[in-house]
1. State which residue is most open to solvent (accessible area, probe 1.4 Å) when the search covers only segment 54-82 and only residues that are of a type outside the set (D, E, K, R) and more than 15 Å from the chain's Cα centre (by Cα).
2. Any chance you could count how many residues in segment 139-154 are exposed (fewer than 13 other Cβ atoms within 10 Å of the Cβ) and of a type outside the set (A, V, I, L, M)?
3. Sort out which residues of segment 103-118 are open to solvent by 50 Å² or more (accessible area, probe 1.4 Å) and not charged (D, E, K, R), and write them in order of number.
4. Inspect segment 83-102 for any residue being open to solvent by less than 70 Å² (accessible area, probe 1.4 Å) and in a strand (DSSP E or B) and give the result as yes or no.
5. Can you give me the number of residues within segment 103-131 that are assigned to a loop (DSSP other than H, G, I, E, B), under 30 Å from A22 (Cα atoms) and out of contact with any helix residue (DSSP H, G or I) (no Cβ under 8 Å at 6 or more places or on another chain)?
6. Restricting to segment 13-29, name every residue that is open to solvent by 50 Å² or more (accessible area, probe 1.4 Å) and either on the phi > 0 side of the Ramachandran plot or touching a Phe, Trp or Tyr at 6+ places or on another chain (Cβ under 8 Å) (or both).
7. How many residues, within segment 122-138, are free of Cβ contacts under 8 Å to residues at least 24 places away in the same chain, polar (S, T, N, Q) and open to solvent by 60 Å² or more (accessible area, probe 1.4 Å)?
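The values are calculated or read from the model by the stated rules, or taken from the named source; none is laboratory data. The shown structure was predicted, so the numbers you read here are calculated from the model rather than taken from an experiment. Every residue, glycine as well, gets a Cβ built from its backbone with ideal geometry; the counts of neighbours run over all protein chains shown. Side chains are part of the model used for accessible areas, which takes the heavy atoms of the whole protein and leaves out ligands, DNA and RNA. Shrake-Rupley method; radii C 1.70, N 1.55, O 1.52, S 1.80 Å.
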Amino acid sequence: MKNDKEVCEFIDELVSEAVSLAARSQFPLHFERSESSEAVYLSVARDAPDATVWYGLRIAAHQPAHVSSFDFEQLILPQRLTCESRHLATAQVGTWVADGSVVVADPREVDEALTAEALQRRRQYGHWRLSNHEFCQIRHRVHLRAKWAFELTRA
């Protein structure tokens, strides 16, 4: 499933669709590919009255395995793609770009937090290596802060 060429190619099509839709709406969009699976993490930004809000979507053919993966809206593709499943997935991507759903952190904030932790480790221990689990925990903390900040502005 992780290496299914058809699913991987369709994920690429969905990413392209999201990039095109975001560009037409002039919404900044960032995406990252998982290093260990077919999963792709998309983040799109929209201006709100108080600040810019980022929304996240994870596209994959398997359920999330890491805590930070659960921070995103999930678009889980079936093992066997049909015309209907392709249509529904494309529609979900369009709705997500237009409306958002699950708040995530600005990707730059995530990168800054990961870099800061790596530098701290280097100063303390002489190396910067972080495990995948540690990377996920840091990402999750930053996403949670963004969600809490968003909720506070809505209270």
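1. If we filter segment 54-82 for residues that are of a type outside the set (D, E, K, R), which is where we start, we get 54-57, 59-70, 72, 74-79, 81-82.
Among the residues that remain, those that are also more than 15 Å from the chain's Cα centre (by Cα) are: 77-79, 81-82.
Details: L77: 7, P78: 51, Q79: 125, L81: 25, T82: 72 Å².
Among residues in segment 54-82 that are of a type outside the set (D, E, K, R) and more than 15 Å from the chain's Cα centre (by Cα), the one most open to solvent (accessible area, probe 1.4 Å) is Q79.
2. Here is the first cut: in segment 139-154, the residues exposed (fewer than 13 other Cβ atoms within 10 Å of the Cβ) are 148, 151-154.
Checking which are of a type outside the set (A, V, I, L, M) leaves us with 148, 151, 153-154.
Adding up the residues that qualify gives 4.
3. Answer for segment 103-118, where residues must be open to solvent by 50 Å² or more (accessible area, probe 1.4 Å) and not charged (D, E, K, R): T115, A116.
4. Initially, segment 83-102 is screened for residues open to solvent by less than 70 Å² (accessible area, probe 1.4 Å), giving 85-86, 89-94, 96-98, 100-102.
With the extra rule that they be in a strand (DSSP E or B), the set shrinks to none.
No; the residues of segment 83-102 include none that is open to solvent by less than 70 Å² (accessible area, probe 1.4 Å) and in a strand (DSSP E or B).
5. First pass over segment 103-131, keeping only residues assigned to a loop (DSSP other than H, G, I, E, B): 105-106, 126-131.
Checking which are under 30 Å from A22 (Cα atoms) leaves us with 105-106.
Add one more test, that the residue is out of contact with any helix residue (DSSP H, G or I) (no Cβ under 8 Å at 6 or more places or on another chain), and what stays is none.
Qualifying residue count for the region: 0.
6. Within segment 13-29, V19, Q26 qualify.
7. Summing the residues that are free of Cβ contacts under 8 Å to residues at least 24 places away in the same chain, polar (S, T, N, Q) and open to solvent by 60 Å² or more (accessible area, probe 1.4 Å) in segment 122-138 gives 1.
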